[in-house]
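Scroll down for the structure; my scribbles are underneath it.
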Amino acid sequence: MTIEEYFSIELDTDYRNEYYAGKLVELDGDSREHASLTVNLIGQVGQQTRRTDNHTFAGGLRIRCDAQNYLYADLTVVCGKSQIEKIDEMESLLNPGVIFEILSEKTEQRDRGVKWHIYQQIKSLQHYVLISRWDPYVEIYTRKDNGDWLLHIETDPAGSFAIPAIDVTIGMADLYEGVPIELQPTGSLDGPSPEEEISEK
């Protein structure tokens, strides 16, 4: 599939599709846990970035990662002025500074795998945040000056985590407020240690 065919489909449909190097991936609807987390996340990040130079965008804004990959995130924050690409009157963001993804059974492997690999190629990206919808568990990847990524994991229900690039701190209790938690095994629980460096340039 060509880029032109992808944008033609995007223009003619009411649902979102991602484009991976010629492959179209239709995005599923959200669960109630996912929807609740999204509302809480937007509330926390949106409130703290108001009247700043940072701009917060919900999941409906497409991200142009490179010429062959157009993806959607659950929440995106731009540090400074937004850079936008327009094709067929459709907008795609070029310079995300922070990307948030809420994990689900269908998306976790993709969010941790191919999407994370593609996102790392975006020069403006400073943080990548993965949020579990099963239990209080958040991974925050931070780009270092040498291009490596530092991982911090927050699991304390009474704790909090910081996103330095946008001067935002989110309490776990605020993030998971009202979210119906269903404890079950997840790939998150078998992930890296709470804080380590990852070389994936």
Taking the stated definitions as given, is residue 125 under 19 Å from residue 96 (Cβ atoms), of a type in the set (A, V, I, L, M, F, W, C) and assigned to a loop (DSSP other than H, G, I, E, B)?
yes
Are any of the residues in segment 35-54 in a strand (DSSP E or B) and closer than 17 Å to residue 117 by Cα?
no
Under the condition of being surrounded by fewer than 16 Cβ atoms within 10 Å (Cβ to Cβ) and either modelled with pLDDT under 85 or assigned to a helix (DSSP H, G or I) (or both), which residue from segment 14-30 is farthest from the chain's Cα centre (by Cα)?
14
Pairing a residue in segment 125-153 that is touching a residue at least 40 places away in the same chain (Cβ under 8 Å) with any residue that is surrounded by 16 or more Cβ atoms within 10 Å (Cβ to Cβ) and basic (Lys, Arg), where Cβ atoms lie under 6 Å and the two sit 6 or more apart in sequence or on different chains, gives 126/143; 149/143
So residue 44, is it exposed (fewer than 14 other Cβ atoms within 10 Å of the Cβ) and at pLDDT 90 or above
no
For residue 85, the lone unmet condition from (1) of a type outside the set (S, T, N, Q); (2) under 25 Å from residue 181 (Cα atoms); (3) in a strand (DSSP E or B); (4) without any contact (Cβ under 8 Å) to a residue 24 or more places away in the chain is (2)
Tell me yes or no: at least one residue of segment 33-47 is more than 20 Å from residue 166 (Cβ to Cβ) and of a type in the set (A, V, I, L, M, F, W, C).
yes
For residue 108, indicate whether it is buried (at least 16 other Cβ atoms within 10 Å of the Cβ), more than 26 Å from residue 51 (Cβ to Cβ) and at pLDDT 95 or above.
no
Condition (residue is in contact with a strand residue (DSSP E or B) (Cβ under 7 Å, 6 or more places away or on another chain), modelled with pLDDT of 95 or more, among the aromatic types (Phe, Trp, Tyr) and crowded, with 21+ Cβ neighbours inside 10 Å) applied to segment 88-103: is it met by at least one residue?
yes
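The values are calculated or read from the model by the stated rules, or taken from the named source; none is laboratory data. Everything numeric here is computed off the predicted structure, so don't read it as measured data. Virtual Cβ from ideal backbone geometry, glycine too; neighbours counted across all protein chains shown.
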